[in-house]
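The values are calculated or read from the model by the stated rules, or taken from the named source; none is laboratory data. All values derive from a computational prediction rather than experimental measurement. With ideal geometry, Cβ positions are generated from the backbone for all residues, glycine too; neighbour counts draw on all protein chains shown.
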């Protein structure tokens, strides 16, 4: 079995303060990228699900974005509290009405052999329950929910929004802790269009749960 180790190498003078991130497996495979002033300059290899599956269980969140490894730290207690509150609300509704299944991260959504993501919350409707496998969810879930944190906000609003659209996730929610807002999007002709916004103190529904009034007081800590 392959095992991966992560190192950050010191920069040389020609990199102007940049550095090298390297992932090296026990069989000698190397995946490295040169980072200069926060920008990725080059990537030498494309990682696959098999590489991803043997990454260390060290408390960080690992994802594959079109073959590139994305790493983020464990979320904050406030972030986790919002996830717990949403899970309680959504899971009760989905179970009561037999609408499918709700899952919480970490769970792998395997979009392709080179794209594996872990949404904070995942909803799979009854029509797509067959996509749930021993590995995780194979292909697009019905709804992906991301709760923003400082280390993931840009990825959630840009990279993952694009990935979810590309792989056909019908609905996407972005929950902003600081603004106390949830933005809801529906996939239309390959692009996400805003369909609703939960803000303020007034309960309101968001697609795909048109008959569920979400109470902001029950969500935000």
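Check 24, 33 and return the single one that is buried (at least 17 other Cβ atoms within 10 Å of the Cβ) and at pLDDT below 95.
Values: 24 fails: buried (at least 17 other Cβ atoms within 10 Å of the Cβ).
The unique qualifying residue is 33.
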Those residues of the range 84-108 which are touching a residue at least 40 places away in the same chain (Cβ under 8 Å), in contact with a strand residue (DSSP E or B) (Cβ under 6 Å, 6 or more places away or on another chain) and surrounded by fewer than 18 Cβ atoms within 10 Å (Cβ to Cβ), in sequence order: 93
Among the residues of the range 45-68, write down those that are closer than 18 Å to residue 105 by Cα and in a helix (DSSP H, G or I). 49, 52, 53
Index of the failed condition, residue 183 passing every other in (1) at pLDDT 95 or above; (2) outside any strand (DSSP E or B): (2)
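Can we say residue 201 is surrounded by fewer than 17 Cβ atoms within 10 Å (Cβ to Cβ) and either in a strand (DSSP E or B) or over 13 Å from the mean Cα position of the chain (by Cα) (or both)? Steps first, please.
On the way: surrounded by fewer than 17 Cβ atoms within 10 Å (Cβ to Cβ): yes; either in a strand (DSSP E or B) or over 13 Å from the mean Cα position of the chain (by Cα) (or both): yes.
Considered against the rule, which asks whether it is surrounded by fewer than 17 Cβ atoms within 10 Å (Cβ to Cβ) and either in a strand (DSSP E or B) or over 13 Å from the mean Cα position of the chain (by Cα) (or both), residue 201 comes out as yes.
Of these, 198, 206, which one is more than 27 Å from residue 64 (Cα to Cα) and without any contact (Cβ under 8 Å) to a residue 24 or more places away in the chain? I'd like the intermediate steps shown before the answer.
Details: 206 fails: without any contact (Cβ under 8 Å) to a residue 24 or more places away in the chain.
Going through 198, 206 in turn, the sole match is 198.
Each row is one residue, and each column tells you yes or no for (1) farther than 21 Å from residue 203 by Cα; (2) out of contact with any strand residue (DSSP E or B) (no Cβ under 6 Å at 6 or more places or on another chain).
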site	(1), (2)
127	yes, yes
146	no, no
178	no, yes
192	yes, no
In the range 108-131, is there at least one residue being touching a helix residue (DSSP H, G or I) at 6+ places or on another chain (Cβ under 9 Å) and modelled with pLDDT under 95? no
